[in-house]
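Visitor: Here it is, the structure in full.
Rule-based calculations on the coordinates, nothing more; no lab input. Owing to the predicted nature of the structure, the values given are computational and were not obtained by experimental measurement. As a convention, Cβ positions derive from the backbone with ideal geometry for all residues, glycine included, and neighbour counts pool all protein chains shown.
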Amino acid sequence: MSPEIEELYQEVILDHSRRPRNFGDLPDAAVRVHGDNPACGDEIHLSVKFDGGGSLHDIKFTGHGCAISQASASLMTMKLKGKSRAEVMEMLDAFHNLVTDATNEAPKTLGDLRVMKGVRNFPQRVKCAMLAWRAVEQALEQGAGEATVSTEPT
Amino acid sequence: MHKIATSDVDWSVIRKDFPILGEQAHGHPLIYFDSAATSQKPRAVIDVLRRYYEHENANVHRGLHELSSRATEAYEKSRQRVADYIGAVRADEIVFTRGTTESINLVAQAWGGKFIREGDVILLTVMEHHSNLVPWQLLAERTGARLRFVGVRDDGTLDLKQLPSLLTPEVKLFAFTHISNSLGTINPVAELCEKAHAVGALTLVDAAQSAGHLPIDVQELGCDFLAFSGHKMCGPTGIGALYGRGEILDSMPPWHGGGEMIVSVTLEKSAFKKAPHRFEAGTPNIAGAIGLAAAIQYIEQIGRPAIFEHDSHLARYAAERLTELPGMRVFGPTEERGALVGFVMDAAHPHDLTTFADQYGLALRGGHHCNQPLMRRFGVSGTTRASFYFYNTTEEIDRMIEILDAAVRFFS
């Protein structure tokens, strides 16, 4: 087994892809985002609830896709619960750097998300890792109602 | 039991004609199973490209100097070679294009723009590559024409029982693929052309997956247009051809304007050359055309019947061996198939599989293969595809099975 593959598909990632956490729908969601990666057909349906202060109170997802996109969504939902908008945006930037920048040191603030670091060796898989994050970014921008987002600019 | 020996071609010698097949990928010998996307190139083609640029390069048709004569002669000889390769009556029935996609767009714009009216019907199939779908959607939007689709049965073949109700007199064109790039289905082109002609429709055959794999004779097939790409049949990228029956090409207006395609130009208007030059505005891909002719010469030395026998055997062998793996779903017909096999596995998503395989030097393709409607038809977002050419071997397929088996264990 190559070390790149071992790093990409760490046990934590395989576990989250097989048994994704926060998988489901929030019936009383404030905003729902349907994200897709047209290059590979991966889809995510994200539902988000905010608390009184505008922080992310609850977040769930459904969808289908590769192990990377599923695990990334699962890990993301665990990480973002209770975070403020500013914290979410900060985390998005940090995560994007983690999966794209070869010199990135993987800051401790990312916690479990650091297991996604191996994606940086596979540039074609960055969009898989970012799909859920693009959806949450859209959810914050939208604030309420329904929205769609794509990893490909249209 | 899986011998490929009925023809007397020594495939191991042929394989050595392809320098790239000696490459390593991630420290493993390359196993190239993505020839349906683009084939590899034999030294004969690479050498011809080099020789052209070293000894013949000039612009065509206009220069009065020696090099331009050489380039023009080589370019037009290539056209004749393409015509002969597919059984066209004359070289004028061959338009050089960038490839299958451009060939189809040419027909949609030049022929469709003139002859398609509101209420007319373009008949397609659910298995079409986006390149034989999107140009017709654009045409339909422009003209008010309607699209209809022949369905695909569970076994990957066209549902021909639907034809009588779909092929009505409003159908002006039936455009369909010869070999499905996801399923490997080989469509009954001659039969489909005959039925289309019976209601007065013209036919266009997408031969992207067949032109380099099996003998094609447009007279026998009876098609009006045939489109294919050079790069999937040992030729360079950026060159392909459109065959159009002579009187039809002559009836079509130009689509791109510019140099090369005119007889005379005034400030207000122009007179255009006859086909095929009327459709080749600007400096063409001269080296590409010459490279395509070299690829054709190379393929013909081996012989298309032998190539088809070898390729389709590899595909059947692969399909059969894949079913040994757990949680495997193989798409497409079992009896007769083109040189590819698409599949999905319970254990892993196509993108995870292809990433995994790549680490062992195995080049597969995962995704929708520009077949989104077909993927939807089969209820999947994508498949993994292994596609073959005559330089591939059963040993490579055995290795693929080992690698996929390792993937099953890794991902489940």
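Visitor: Between residue A:55 and residue B:159, how many nm apart are label points set 7 Å from Cα along the C-beta direction?
Guide: Label at residue A:55, label at residue B:159, 5.4 nm between them.
Visitor: Kyte-Doolittle mean at least 0.0 and Cα extent at least 15 Å along the axis: which DSSP H helices of chain B qualify?
Guide: B:286-302, B:394-411
Visitor: Something else about it: Tell me, what is the percent relative contact order of segment A:3-149, built from C-alpha pairs under 8 Å that lie six or more residues apart?
Guide: That works out to 31 percent.
Visitor: Counting just the Cα atoms, what span does segment A:27-105 cover along each of its three principal axes? Round to the nearest Å and put the largest first.
Guide: 38, 30, 17
Visitor: Find, to one decimal place in angstroms, the Kirkwood hydrodynamic radius of segment B:46-301, where the mean of 1/r is taken over every pair of different Cα atoms and then inverted.
Guide: 18.8 Å
Visitor: Further question: Helix A:85-100 sits at what angle to the longest principal axis of chain A, using alpha carbons and giving 0 to 90 degrees rounded to 10?
Guide: That helix lies at roughly 20 degrees to the long axis.
Visitor: Taking chain B as a Gaussian network, Cα atoms linked when under 10 Å apart, which of B:249, B:183, B:21 shows the biggest mean-square fluctuation?
Guide: So, out of B:249, B:183, B:21, the one fluctuating most is B:21.
Visitor: Per-residue counts of other Cβ atoms within 10 Å, averaged by peptide: what ranking do you get for B:331-337, B:290-296, highest first?
Guide: With the highest mean Cβ count within 10 Å placed first, the list reads B:290-296, B:331-337.
Visitor: Per DSSP H run of n ≥ 4, the term is -39500 (n - 2.57); total these for chain A, divide by its residue number, and report the mean residue ellipticity at 222 nm rounded to 500 deg cm²/dmol.
Guide: Per the formula, -12500 deg cm²/dmol.
Visitor: Considering only segment B:46-301, what is the antiparallel percent among its DSSP beta bridges, to the nearest 5?
Guide: Counting DSSP beta bridges with both partners in segment B:46-301, the antiparallel share is about 45 percent.
Visitor: Which entries in B:172/B:195; A:79/A:108; A:83/A:117; B:41/B:232 show an alpha-carbon gap greater than 18 Å?
Guide: Among B:172/B:195; A:79/A:108; A:83/A:117; B:41/B:232, the Cα-Cα distance tops 18 Å for A:83/A:117.
Visitor: Here's another thing I want to ask about it. Where Rh is the Kirkwood radius over the Cα pairs of segment B:294-355, the temperature 25 °C and the viscosity 0.890 mPa s, what D in µm²/s does Stokes-Einstein return?
Guide: D = 184 µm²/s.
Visitor: Please compute, over every Cα-Cα pair in chain A, the percentage with a separation greater than 29 angstrom.
Guide: 11 percent
Visitor: Just want to confirm a number: the relative contact order over segment B:266-350, from Cα pairs under 8 angstrom separated by 6+ residues, in percent.
Guide: In percent, rounded to a whole number, it is 21.
Visitor: Taking chain B as a Gaussian network, Cα atoms linked when under 10 Å apart, which of B:181, B:285, B:59 shows the biggest mean-square fluctuation?
Guide: B:59
Visitor: Please give the calculated 222 nm ellipticity per residue for chain B, where each DSSP H segment of at least 4 residues contributes -39500 (n - 2.57) and the sum is spread over every residue; nearest 500 deg cm²/dmol?
Guide: -11000 deg cm²/dmol
Visitor: Using a Gaussian network model of chain A with C-alpha springs under 10 Å, which one of A:127, A:108, A:49 is most mobile by mean-square fluctuation?
Guide: Its mean-square fluctuation being the largest, the pick is A:108.
Visitor: Looking at the protein assembly as shown, what % of its DSSP beta bridges pair antiparallel, to the nearest 5?
Guide: Among the beta bridges of the protein assembly as shown, antiparallel pairing accounts for roughly 60 percent.
Visitor: Report, in debye and to the nearest 20, how large the dipole of chain B comes out about its Cα centre when Lys and Arg carry +1 and Asp and Glu carry -1 on their Cβ.
Guide: I would put it at about 800 debye.
Visitor: At q = 0.09 Å⁻¹, what log₁₀ I(q)/I(0) does a Debye calculation on the Cα points of the protein assembly as shown give, no solvent, two decimals?
Guide: Results for the protein assembly as shown at q = 0.09 Å⁻¹ read -0.79.
Visitor: Report the relative contact order of chain B, percent, no decimals, based on alpha-carbon pairs under 8 angstrom and at least 6 residues apart.
Guide: Numbers: 829 pairs, mean separation 90.7, N = 412.
RCO, chain B: 22 percent.
Visitor: Considering every pair of different Cα atoms, what Kirkwood radius, in Å, is found for segment B:163-239? The partial results should precede the final answer.
Guide: Working: mean 1/r = 0.0765 Å⁻¹.
When all Cα pairs of segment B:163-239 are included, the Kirkwood radius is 13.1 Å.
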